[in-house]
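*Asks:* The structure follows.
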Amino acid sequence: MSDHAADLPAAAAALSAEDRADLVNALKDKLQLLAGNHVDVLETLAPNVRKRVEVLRDLQGQHDELETKFIEERAQLEAKYQKLYEPLYTKRYEIVNGVVEVEGITNEPVPAEDPPCNSEKGVPNFWLTAMKANDILAEEITERDEGALKYLKDIKWCKIDNPKGFKLEFYFDSNPYFKNSLLTKTYHMIEDDEPILEKAIGTKIEWNPGKSLTEKILKKKPKKGSKNAKPIIKTEKCESFFNFFNPPQVPEDLDEDDDIDDDTVEELQNLLEHDYDLGSTIRDKIIPHAVSWFTGEAAESDFEEIGDEDADDGDGEEDEDDEEEVQSKRRSKTGGRAQPDRGNGQRTERPPECNQQ
């Protein structure tokens, strides 16, 4: 595999299992090379200093063993609280979609002078409003998307074990835009000390005729005197939140002899990073704290934290070190090491359980 190909985040999504294994081995070789460099450093130390460092390495090994146990116990704790979250998410689903009514609201007829919204069931546009309150997701949602997202009834996520990763599920009421009642997005991870994003798979949306939000139809009148009197019609991709379900992929015909330029590698890596950022935002922020995003409290909380940091600087300028730290964390999600799965936010029942594949 060429050097450029090895730089692709987490190895190509559509490569063969053998090629993906080669990529993981290449990453391990780099780590072993770094370890070898560290050994060379030890050889340059004075004997007494080297002995002290060897003892420190033993302490580090004991720490790493404890950390492994911590990760195992944390996974068990997360699973425990997932079950405790489930009835809360189910109740939220029922209230949002008008399946049940909250205490203190009667079913008496609504007076004619009352606003029409008083007769609506549940909480209209709940998920659309929640997602638009988040800066990352708001940039993806166009005005055209809003009509379809008003039919969004629920969002769930669950871990998957084979392969490792997580799955997002978007449940829609019947709508004039597409036939699917369920749209999914699955992220596959390579487990190697820390999860590495391998690829993402989305649902193919069955758009109703003329209702696609990810494409626009362009018509061009034929030239005067042309034998073909019919207008020329072609489709063109356009910005839409629903492109989320058609994630970027590494070309299937990529092989070790391909000479991929740096700009192409960087563009693809940025696309994959951004795609993972969207998925992890929905999983870690929107699903577990949807009500706070709907009311705007979550967005205000984020803004206040940034404001406090700026006030400490005293000059009103952005802290370059903090910005670099944020960018580093984003880069770690794809194209490097992806953030481990979090345990908050899974729901069950209404809609049915997320199928683990």
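*Asks:* What are the residues in the stretch 266-287 that are surrounded by fewer than 19 Cβ atoms within 10 Å (Cβ to Cβ) and more than 10 Å from the chain's Cα centre (by Cα), if any? Write out each step before concluding.
*Replies:* First, pick out the residues of the stretch 266-287 that are surrounded by fewer than 19 Cβ atoms within 10 Å (Cβ to Cβ): 266-267, 270-271, 274, 277, 281, 284.
Hits for the stretch 266-287 are 266, 267, 270, 271.
*Asks:* Could you tell me how many of the residues in the stretch 199-218 are among the β-branched types (Val, Ile, Thr) and either within 18 Å of the chain's Cα centre (by Cα) or part of a strand (DSSP E or B) (or both)?
*Replies:* So the count comes out to 3.
*Asks:* I need the full set of residues from the stretch 72-97 which are free of Cβ contacts under 8 Å to residues at least 24 places away in the same chain and either at positive phi or of a type outside the set (Lys, Arg) (or both), in order please.
*Replies:* 72, 73, 76, 84, 87, 88
*Asks:* Also, I was wondering about something else. Checking the conditions here, which among 88, 84, 66, 33 is over 30 Å from residue 153 (Cβ atoms), assigned to a helix (DSSP H, G or I) and at pLDDT 90 or above? If you could, list the steps in order and put the result at the bottom.
*Replies:* Values: 88 fails: over 30 Å from residue 153 (Cβ atoms); 84 fails: over 30 Å from residue 153 (Cβ atoms); 33 fails: at pLDDT 90 or above.
None of the other options fit; the residue is 66.
The values are calculated or read from the model by the stated rules, or taken from the named source; none is laboratory data. All values reported here derive from a predicted model rather than from experimental measurement. Note that we place each Cβ from the backbone using ideal geometry, even for glycine, and neighbour counts take in every protein chain shown.
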